[in-house]
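Asker: Have a look at the structure that comes next, please.
The values are calculated or read from the model by the stated rules, or taken from the named source; none is laboratory data. Computed from a predicted model, the values in this text were never measured in an experiment. Here Cβ is always computed from backbone atoms with ideal geometry, including for glycine, and neighbour counts include all displayed protein chains.
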Amino acid sequence: MTSSAASGYTSPAAAPIKPETYARLMRVATANIANVLLKYGFRNVYLLGLKPLSPSQGQMVGRAYTLRFIPAREDIDSMANYGKETNKHRRAIEEIPPGAVLVIDAFGDTRASSMGDMMAGRLKFRGIKGVVTDGGYRDAPAILDVGLPCFQKQAAPPATPIAMHPIDLDVPVGCAGVAIYPGDVIVGDGEGVVAIPAALVDEVAEQALDTFEYEEFAAKHIARGRSIFGLFPATPESRVEYDKWVAAGRPELD
């Protein structure tokens, strides 16, 4: 599939996220999101084993645009073929909609690179929010200089065609053992990456922010010596206390 205008196809990754939903997701922790999704029965949403290139690279939020690799084959995968404009790896960089997150299914392979700094620079210029792979990147220090939030399994400097062949764009994939559908919302922070099914994103964002803000309230009490019993997890009584605190303008605690 393609997201190019010439094809008449519009990727689900191009659908805008509501501004209030985006703002909420930019504030909350991936752990909060995973806990909210558990209430909906979703247990496998966290892309375990993936790490940010730097814990300080910032929050990442965007709809998933996917690239799927399969193992390379010597008669097809060469640097000459890799350089062609029809190569799906290179097409992904030019066809992903602005505002999306590129999710690369590298089938967990770190023998070759899922991306390097030149592609990261192009994605940053085009307004892409970040990249996630269950493989690894080359030129990681230069990618950090680009300023594009990126998550990987581990560094993978060798050239892509050594081990991987790009086979599909904008299709359902498995990344780090999680099913990712185009248009799902991907959130990354200093701990890792979580995927939100597209149909649930607005309500999950609202509930995750509520949980996040309650935990800030609870943390203030715990820092002052209060027991977690009756406080965390929240109880009906502690929620009433929290609501009164919010209504009072979130004053400093005695």
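Asker: Can you pull out every residue in region 18-52 that is surrounded by 20 or more Cβ atoms within 10 Å (Cβ to Cβ) and in contact with a helix residue (DSSP H, G or I) (Cβ under 8 Å, 6 or more places away or on another chain)?
Answerer: Result: THR21, ARG24, LEU25, VAL28, ASN32, ILE33, VAL36, LEU37, VAL45, TYR46.
Asker: Where the second residue is exposed (fewer than 14 other Cβ atoms within 10 Å of the Cβ) and at pLDDT below 95 and the first is within 22 Å of TYR46 (Cα to Cα) and charged (D, E, K, R) and lies in region 145-159, which pairs have Cβ atoms under 8 Å and are six or more apart or on separate chains?
Answerer: From region 145-159, no pairs qualify.
Asker: Anything in region 220-238 that is among the small types (Gly, Ala, Ser) and over 21 Å from ASN35 (Cα atoms)? List them, or say none.
Answerer: ALA223, GLY225, SER227
Asker: Related question: Within region 207-229, identify whether any single residue is among the aliphatic types (A, V, I, L, M) and within 21 Å of the chain's Cα centre (by Cα), and answer yes or no.
Answerer: yes
Asker: OK, next. Go through region 32-56 and report how many residues are in a loop (DSSP other than H, G, I, E, B) and either touching a residue at least 12 places away in the same chain (Cβ under 8 Å) or of a type in the set (Lys, Arg) (or both).
Answerer: The total comes to 13.
Asker: Would you point out the residue of region 46-81, among those that are hydroxyl-bearing (Ser, Thr, Tyr) and over 16 Å from ALA106 (Cβ atoms), that is farthest from the chain's Cα centre (by Cα)?
Answerer: Only one residue tops the list, namely SER78.
Asker: Can you tell me which residue in region 132-141 is farthest from ALA159 (Cα to Cα), limited to those that are assigned to a strand (DSSP E or B) and touching a Ser or Thr at 6+ places or on another chain (Cβ under 8 Å)?
Answerer: Residue satisfying both the conditions and the ranking: THR133.
Asker: Another question about this same structure. The conditions are (1) more than 19 Å from the chain's Cα centre (by Cα); (2) surrounded by fewer than 14 Cβ atoms within 10 Å (Cβ to Cβ); (3) touching a residue at least 60 places away in the same chain (Cβ under 8 Å), and GLY249 fails exactly one of them. Which is it?
Answerer: Result: GLY249 passes all but (3).
Asker: Read through the list (1) under 14 Å from ILE186 (Cα atoms); (2) charged (D, E, K, R); (3) in a strand (DSSP E or B), then give the number of the only condition that ARG24 fails.
Answerer: (3)
Asker: On to the next question. Give the residues of region 111-164 that are of a type in the set (Val, Ile, Thr) and under 19 Å from the mean Cα position of the chain (by Cα), sorted by residue number.
Answerer: Listed by number, the residues that qualify are ILE128, VAL131, VAL132, THR133, ILE143, VAL146.
Asker: Out of the residues in region 170-227 meeting the condition of being of a type in the set (Lys, Arg) and in contact (Cβ under 8 Å) with a residue 12 or more places away in the chain, tell me which one is surrounded by the most Cβ atoms within 10 Å (Cβ to Cβ).
Answerer: LYS220
Asker: In the list LEU37, LEU67, which residue meets the criterion of being among the aliphatic types (A, V, I, L, M), over 26 Å from ALA163 (Cα atoms) and in contact with a strand residue (DSSP E or B) (Cβ under 9 Å, 6 or more places away or on another chain)?
Answerer: LEU37
Asker: Here's a follow-up. Could you check LYS39 against (1) touching a Lys or Arg at 6+ places or on another chain (Cβ under 7 Å); (2) on the phi < 0 side of the Ramachandran plot and say which number it fails?
Answerer: Here LYS39 meets the rest and fails (1).
Asker: Of the residues that sit in region 230-240 and are buried (at least 16 other Cβ atoms within 10 Å of the Cβ) and of a type outside the set (Gly, Ala, Ser), which one is farthest from the chain's Cα centre (by Cα)?
Answerer: LEU231
Asker: Please give the strands (runs of 3 or more DSSP E) falling wholly within region 142-254 in which 1 or more residues are polar (S, T, N, Q) and either at negative phi or at pLDDT 95 or above (or both).
Answerer: Result: 150-152.
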